[in-house]
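The values are calculated or read from the model by the stated rules, or taken from the named source; none is laboratory data. Note that the coordinates shown come from a computational prediction; the quantities given were computed from them, not determined experimentally. Heads up, the Cβs are rebuilt from the backbone with ideal geometry, glycines too, and the neighbour counts pull from every protein chain shown.
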Amino acid sequence: MTARSHSGGKVHVVGAGLAGLAASVALADDGRRVVLYEARAHAGGRCRSFHDSELGVRIDNGNHLLLSGNRAALSYIERIGALDTFEQPAEAAIPFVDLSDGERWEVRPSRGRVPWWILRPSRRVPGTQLRDYAAALRLRRVGPGDTVAAVLDRGTKLFRRLWEPLAVAALNTSAEQASAALFSRVVSETIGSGAVACRPMLARDGLSESLVDPALDYLSRKGGEICFGSRLKEVGFAAGYATELRFDGSSIPLLPHDDVVLAVPAAIAARIVPGLVVPDDHAPIVNAHFRYETPAHLPPFLGIIGGVAEWVFRKRDILSVTVSAADRIVDRPAAELHDILWRDVARALALAPVATPPSRIVKERRATFRATPAQLARRPPTATAWNNLHLAGDFVDTGLPATIEGAIRSGVAAAGRITRRRNPESATVGPPPSATSLPTTTQDCEHALP
Ligand SMILES: Cc1cc2nc3c(=O)[nH]c(=O)nc-3n(C[C@H](O)[C@H](O)[C@H](O)COP(=O)(O)OP(=O)(O)OC[C@H]3O[C@@H](n4cnc5c(N)ncnc54)[C@H](O)[C@@H]3O)c2cc1C
C-alpha cells in the first residue's frame, strides 16, 4: 500500500456551504472520491453572491470580513487558488467612527503578540486608559457560564468602542448574552496575536467568486461529483453505520467503506440524525446594500459606533451595511431601514447629502446560532453514534463562533477524522496528489432533481 492509497470508499458530503466545501476539498486532496450533494441550485449556503435584478448588480447575501488570523480559511483559500481574489490592505488597521461625537480612530495592533500599541496614548482608542486594556486580561480566566458584559467593564469607553462592537460582530450576539469564553478565543486568535493576524481580507468581486466558485472548480478538477438539487431527506442506519442516503425520489446505498459528512445547518442535521442535540436559538443579521458610486478615497470598511448601522463596506458601486444581532430591527419594514441605515452611513463616511440611493435590504433571520453559554453547551462534536457519519457546519463544536473560519475548521476536522479512521498511520490530511492520479471530470448525479 502506498502512502496515499486508501482502504476507504466514496465520501458523500451533504451540504455545499463552506463547511461541506472545505471537507470536500480536503478529502479530494487526500485522494478520496468525493460526491457533494446540495439541496439548492447553487453552492455557498449562507456565504454567497447573487445578482440583484432591482439594483442591477451582483451583491453578497451579507458582508463577511475575514482576518489573516483565520488560518483555516487562509489555508483553504490558498488551496483552491483564490488568494488573488482578495483585497488585503497593506496595514493591519481597523478604522472606526463614533457618531455621537464624530471622533475617528484606527485600531492598529503591534506586530507581535506583545500589545505595545496600548502603551502609546496616540495609538489607543480615544478616551481609553491603559488600565482599561489591562482589565481585559480577565478574559483569560473566564468560566463557561460567563458573558462578555459580565467580565469586561461595560462602563468604559473601551467596552463601547472596541470590545462590544468586536463581540457583536464576531459572535452575532449581544455582549450581555455572548459567551466570554468564545470571545476570549476570538480575541486571542486575532487582535491578541498582533498585526500578523489582523490584516483584513476582503473578497474583491464577491463571496462566491472568492470562496465558493474556485472550490467547485477545484473539486471538479480533482474528479469530484457535484450534485445540485439533491435534498437529503433521511439516512438509513443499521448496526452502528449509516447504510443509505434517501433523497427526494431516489436513494443511494452506502457501501461498507463509504463515509458521510453531513454539512447541513443545525436544525436540518437534527431532523436527519436521531437524538442529535444542536444549538436551537438563532440570531438575525440585517444587511443593506446601497447602489452608490463610491469615491476611491473612502476606507474599504469602517466600524460605526453609536448608530444603528455597525459596519459599512465599500465596493465599486455598492456601499453595504451590516447590523449583527439585529433582533431590535429585523421586523421593521425595509423602507424604514433604508433611511435609518443610510443616514448613519452618510454621516459615518461624511458623504455629500443625497436622497437615499436605491437599496436592497437582506434579512437573514437565522444567520447564526446565538453564541450564549447555554447554546454553546448544545454544540455537538464531529463524531456521531454512527461510525461512518461525521458532522460539519458552523454549529459543530470547533471552539469558535459561527463564522467562515469555524465552518471551514469543522469541514477540515470531519475530513481529518475520516482520513485517520481509514488510514490510521496518517495523522493529518496530506498534501495534494499529483494532478494525473485522479480522474478529471465531473460526473452526472442520477438522483439529482431536474
Ligand atoms: C448575513 C451574514 C453575515 C455573516 N457575516 C460573517 C462574517 O463577517 N464573517 C464570518 O466569518 N462569518 C460570517 N457569517 C457566518 C458564515 O456565513 C457562516 O458561519 C458559514 O457560511 C456557515 O457555513 P456552513 O457550511 O456551516 O452552513 P451553510 O452555509 O448554511 O451551508 C449548509 C448548506 O447545506 C445545504 N442544505 C440544507 N439542507 C440540505 C439537505 N437536506 N440536503 C442537501 N443540502 C442541504 C444548504 O442549502 C447550504 O448550502 C455571516 C452569516 C450571515 C448569514
From the option list P274, P358, P279, single residue qualifying as within 16 Å of the ligand (Cβ to nearest atom) and in contact with a Lys or Arg (Cβ under 7 Å, 6 or more places away or on another chain) is P279
Reported set for segment 341-356 where residues are of a type outside the set (D, E, K, R) and surrounded by fewer than 17 Cβ atoms within 10 Å (Cβ to Cβ) is A350, L351, A352, P353, V354, A355
For segment 84-112 the number of residues that are farther than 22 Å from L158 by Cβ and in contact with a strand residue (DSSP E or B) (Cβ under 9 Å, 6 or more places away or on another chain) is 5
Going through segment 14-29 in order, the residues found to be more than 9 Å from the ligand (Cβ to nearest atom), out of contact with any Ser or Thr (no Cβ under 9 Å at 6 or more places or on another chain) and aliphatic (A, V, I, L, M) are V25, A28
Practice problem: Looking only at segment 239-260, decide whether some residue is within 16 Å of the ligand (Cβ to nearest atom) and either closer than 30 Å to W342 by Cβ or of a type in the set (S, T, Y) (or both). | Solution: yes
Has segment 381-395 got any residue that is among the aliphatic types (A, V, I, L, M), at pLDDT 75 or above, touching a helix residue (DSSP H, G or I) at 6+ places or on another chain (Cβ under 8 Å) and away from the ligand (no atom under 14 Å from the Cβ)?
yes
Could you tell me whether segment 361-375 includes any residue that is closer than 17 Å to R291 by Cα, touching a residue at least 12 places away in the same chain (Cβ under 8 Å) and crowded, with 22+ Cβ neighbours inside 10 Å? no
Of the residues in segment 30-86 that are acidic (D, E) and more than 11 Å from the ligand (Cβ to nearest atom), the one that is nearest to the chain's Cα centre (by Cα) is E78
Residue hits (segment 213-230; within 14 Å of the ligand (Cβ to nearest atom) and of a type in the set (A, V, I, L, M, F, W, C)) are A215, L216, I226, C227, F228
